[in-house]
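Here's the structure we're looking at; comments come further down.
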There are 4 protein chains.
Amino acid sequence: MEVNTDKKAEPSGDIPETVGRDDEERLAREAMAVRLHAYAPYSHFFVGAALLGSDGKIYTGCNIENASYPAGICAERSAFASAVSAGCRRFLAIAIAGGPEDKDRASGRTAVLPECPPCGICRQFMREFCGNRFPVILVTSEKQFRTVTLGTLLPDSFGPDVLSL
Amino acid sequence: MEVNTDKKAEPSGDIPETVGRDDEERLAREAMAVRLHAYAPYSHFFVGAALLGSDGKIYTGCNIENASYPAGICAERSAFASAVSAGCRRFLAIAIAGGPEDKDRASGRTAVLPECPPCGICRQFMREFCGNRFPVILVTSEKQFRTVTLGTLLPDSFGPDVLSL
Amino acid sequence: MEVNTDKKAEPSGDIPETVGRDDEERLAREAMAVRLHAYAPYSHFFVGAALLGSDGKIYTGCNIENASYPAGICAERSAFASAVSAGCRRFLAIAIAGGPEDKDRASGRTAVLPECPPCGICRQFMREFCGNRFPVILVTSEKQFRTVTLGTLLPDSFGPDVLSL
Amino acid sequence: MEVNTDKKAEPSGDIPETVGRDDEERLAREAMAVRLHAYAPYSHFFVGAALLGSDGKIYTGCNIENASYPAGICAERSAFASAVSAGCRRFLAIAIAGGPEDKDRASGRTAVLPECPPCGICRQFMREFCGNRFPVILVTSEKQFRTVTLGTLLPDSFGPDVLSL
């Protein structure tokens, strides 16, 4: 088992690897698929996220709600939790797919969704591990998405550097 | 891919399956192991959790901190996030191992730790999926642990039933 | 302005002051009243909390929800936030009143509510400042309530002592 | 007691009132002052926030940490919790002052601080009540600050409109 280095994560957005159209489509598909696992009995809003690690693996997550709403976890953080727990701390891109629960679940994977931008908590969570150029892929269908960067979504961030006491 | 049922989770603590000594030891070992993946540059407190699903799989998680402390995720919820995202919603037991970062990382797996009870957030999170008899295994070493139940840790809980509006 | 002492809070539950029936009724009334300020457009579940500081003041709070559910704050933590921000860190008791939004708002203060126990997050939050004997008053009407203790609600807690690295 | 309207908050950033230099300086002073009440025994990072309501009142808050780091509350949300609990839901501006704990507490109010931008959780929390033009005043001393807008800090936000199912 890999032993971590205890250093604060280096922003992976600054690493040279790029994500091609193939990777983007793969992430979009995975985000659409894991979305169907969402546990969202309160909001009925289903979200899935697929995170590409620098190890080449895709880590997926869905939103998980709680009767005490603030105790829930969003899809993006679920995906990061899987990755970090598996020992991966450098990331190349994340895809997010979200929208109202499908009336017909069978159609879930082929639905056309609205863009679902990450909430502020998840932007903050990503910032710990990812740099300004980290691509956030807003998925509307398996073939349609728009890519923005974390730096655009969370400018002037409260990152690890702020705490250098 | 399994499609969820949209119903609120039935407390898995009420299911008949029991967890034997072998399972407990396996969970203790896994919790000790994943603990070394903790991202805890702020607290230097490393926690690992291993969750046994009714599908027979073990889902693991570690704590993941953030410069904005409230944005972090505990080990227990990391493990549940992995499980639910994988489509598992019924659970047989969880093991938790936590303690100060080891001076000598190589010794991490053989350390003797203090008992690390789950925080209130994680008890609340578990409550959504687990019943009162759900076993929470507090690990102090791979062979030593004490098992309590969720009902003991979170009596008079604010569970899904409270929200039946 | 009082300057804090930077020490970890001493559990106020261990201080000798007791709370009489008059105080309990006053807290119950205040919890019922502030409950009507709840911002709960998603759950339609309205909660109010009234917290008695050792300075003799009552600090009140309601739940405040967010489109990203995990970003919301419960009533109990709202009350504590007001108190701590005002410089108070020792507490004698908290009353909690919660239930579905009233169809007829005018009747909000005279409603008979179900018992609304604090969620695990709030138990954890209280634990930082309050000891095992801290009274938690579960309000069902201005005159009816049941008092439990924090120690009962959160046994084997993950408190500040656990982090003594 | 004012009865709330149960409608989702209208973004207060769209209201015509403007905040003048006097108000900004007053908010900066209040943020610096309440900062000294921070309960931050884990990060030793002290933050204060002062929030101007459309009712003309200033609501203040400090950060409140917890042994379980994710259970803590930031200064900005503390200030909003006080305001909403008091029945105020429309806001004109917020000032934020944060930095390492002062070696000499007496000098706390005259310190020159680094800019402390709100974390992603707090941006998300504000978004529920405030519009894109809502001014966020980043305070470095009682007389020095820089004002940005919420829309700049949280573009493409996951706001209440996304959940219109």
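The values are calculated or read from the model by the stated rules, or taken from the named source; none is laboratory data. Note that the coordinates shown come from a computational prediction; the quantities given were computed from them, not determined experimentally. Please note: Cβ atoms are built from the backbone with ideal geometry, for glycine as well, and neighbour counts cover all protein chains shown.
Things worth noting here:
- In segment D:40-98, the residues that are within 7 Å of another protein chain (Cβ to nearest Cβ) and among the small types (Gly, Ala, Ser): D:43, D:61, D:67, D:68, D:71, D:72, D:78, D:81, D:82, D:85, D:87
- Output for segment B:25-49, where each listed residue is within 26 Å of residue A:163 (Cβ to Cβ) and assigned to a helix (DSSP H, G or I): B:34, B:35
- Number of positions in segment D:43-80 that are acidic (Asp, Glu) and within 10 Å of residue B:69 (Cα to Cα): 1
- Some residue of segment D:50-69 being more than 22 Å from residue D:157 (Cβ to Cβ) and in contact (Cβ under 8 Å) with a residue 40 or more places away in the chain: yes
- Screening residue B:111 against (1) small (Gly, Ala, Ser); (2) at pLDDT 95 or above; (3) under 23 Å from residue B:42 (Cα atoms) leaves a single unmet condition, (2).
- Restricting B:55, B:22, B:102 to those that are farther than 30 Å from residue D:44 by Cα and either hydroxyl-bearing (Ser, Thr, Tyr) or assigned to a loop (DSSP other than H, G, I, E, B) (or both) reduces the list to B:55.
- In segment B:128-163, residue surrounded by the fewest Cβ atoms within 10 Å (Cβ to Cβ) [restricted to those that are assigned to a helix (DSSP H, G or I) and more than 7 Å from every other protein chain (Cβ to nearest Cβ)]: B:161
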